[in-house]
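Worksheet for the structure shown next.
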Amino acid sequence: MAVTPIATGDDRRALVRRGQTLEYITVGYNSIEGVVAIGSGLVAGSVALIGFGFDSAIEVISGLALLWRLYGDADEERRERFERRALRIVGISFLILAAYVLYDAAKSLIRREAPDESIVGIVLAAVSLIIMPLLVRAKRRVARAIGSAALAADATQTEICTWLSAILLGGLLLNATLGWWWADPVAALVMIPMIVKE
């Protein structure tokens, strides 16, 4: 996606600093989210929750790549090179996530591995449904203003995290309230087309 920059000079520097702040928030929140999701997923045996935690780790990698890209923004000669590399890192992270979720969800369905209910996972998914859309909107504004396709792609990855939160919440609630054990791995499988598309 080609993005034409709008901001220049001091405005651009201020927007780049805002982008850095958004990426620090992304890395910090997703680090906590990942640890909680993987821990509670292991306790509950929830493939969707573990997959969600793995997505958080990929969001951290993407956020770190974007921080690296944004810190190189002042040097116009390096800016494009950093932009391409950061975009490539974000793209590769999408493919790694899709492969992991496919493998783990298929294994759970084949083995009929029923997860326990996870109140922690339900709360985590609900909180992420509030935080992630705010980050998406803010990142897209900055990406548009500084002309960064890599930051726009990172915003899309955060948007996918929002959808994954909704799917995870649905799967965990169906398992907890109706005992539909298969809702958890099916919810994880529903995530894959969205991830691969991006």
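The values are calculated or read from the model by the stated rules, or taken from the named source; none is laboratory data. Just so we're clear, the structure is a prediction, and the values are computed from it rather than from any experiment. Quick reminder, even Gly has a Cβ in these numbers, built from the backbone with ideal geometry, and neighbours come from all protein chains shown. Just so you know, the surface numbers come from the protein's heavy atoms only, side chains and all, with ligands and any DNA or RNA stripped out. Shrake-Rupley method; radii C 1.70, N 1.55, O 1.52, S 1.80 Å.
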Problem set entry | Out of Ser93, Ser108, sole residue that is more than 18 Å from Gly41 (Cβ to Cβ) and either surrounded by 20 or more Cβ atoms within 10 Å (Cβ to Cβ) or of a type outside the set (S, T, N, Q) (or both) | Ser93
Exercise. With respect to the numbered conditions (1) open to solvent by 90 Å² or more (accessible area, probe 1.4 Å); (2) of a type outside the set (A, V, I, L, M); (3) at pLDDT 80 or above, which one is the sole condition not fulfilled by Arg78?
Worked result: (3)
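With respect to Val142, determine if the residue is more than 26 Å from Leu66 (Cα to Cα) and touching a residue at least 60 places away in the same chain (Cβ under 8 Å).
no
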For this session: Look at Gly121 and say whether it is farther than 17 Å from Gly19 by Cβ, open to solvent by less than 40 Å² (accessible area, probe 1.4 Å) and in contact with a Leu (Cβ under 6 Å, 6 or more places away or on another chain).
Result: yes
Exercise. Among the residues of region 124-168, which ones are among the hydroxyl-bearing types (Ser, Thr, Tyr) and within 23 Å of Ala188 (Cα to Cα)?
Worked result: Ser128, Thr156, Thr158, Thr162, Ser165
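Among helices (runs of 4 or more DSSP H) lying entirely in region 114-198, which contain 3 or more residues that are modelled with pLDDT of 85 or more and among the basic types (Lys, Arg)?
119-146
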Exercise. Is one or more of the residues making up region 39-58 under 30 Å from Ala188 (Cβ atoms), surrounded by 17 or more Cβ atoms within 10 Å (Cβ to Cβ), among the aromatic types (Phe, Trp, Tyr) and in contact (Cβ under 8 Å) with a residue 60 or more places away in the chain?
Worked result: yes
For this session: Have a look at Ile32, Ile25 and point out the one that is at pLDDT 90 or above, open to solvent by 70 Å² or more (accessible area, probe 1.4 Å), part of a helix (DSSP H, G or I) and more than 19 Å from Arg141 (Cβ to Cβ).
Result: Ile32
Exercise. Would a scan of region 165-179 turn up a residue that is of a type in the set (A, V, I, L, M), under 15 Å from the mean Cα position of the chain (by Cα), crowded, with 24+ Cβ neighbours inside 10 Å and under 18 Å from Glu33 (Cβ atoms)?
Worked result: yes
Seminar exercise, completed: The condition of being surrounded by 15 or more Cβ atoms within 10 Å (Cβ to Cβ) and either within 16 Å of the chain's Cα centre (by Cα) or closer than 30 Å to Glu76 by Cβ (or both) holds, among Ile160, Ile130, only for Ile160
For this session: From Leu42, Leu87, grab the single residue that is among the aliphatic types (A, V, I, L, M) and farther than 30 Å from Ile122 by Cβ.
Result: Leu87
Seminar exercise, completed: Across (1) of a type outside the set (A, V, I, L, M); (2) within 24 Å of Gly9 (Cα to Cα); (3) in a helix (DSSP H, G or I), Asp73 clears everything bar (3)
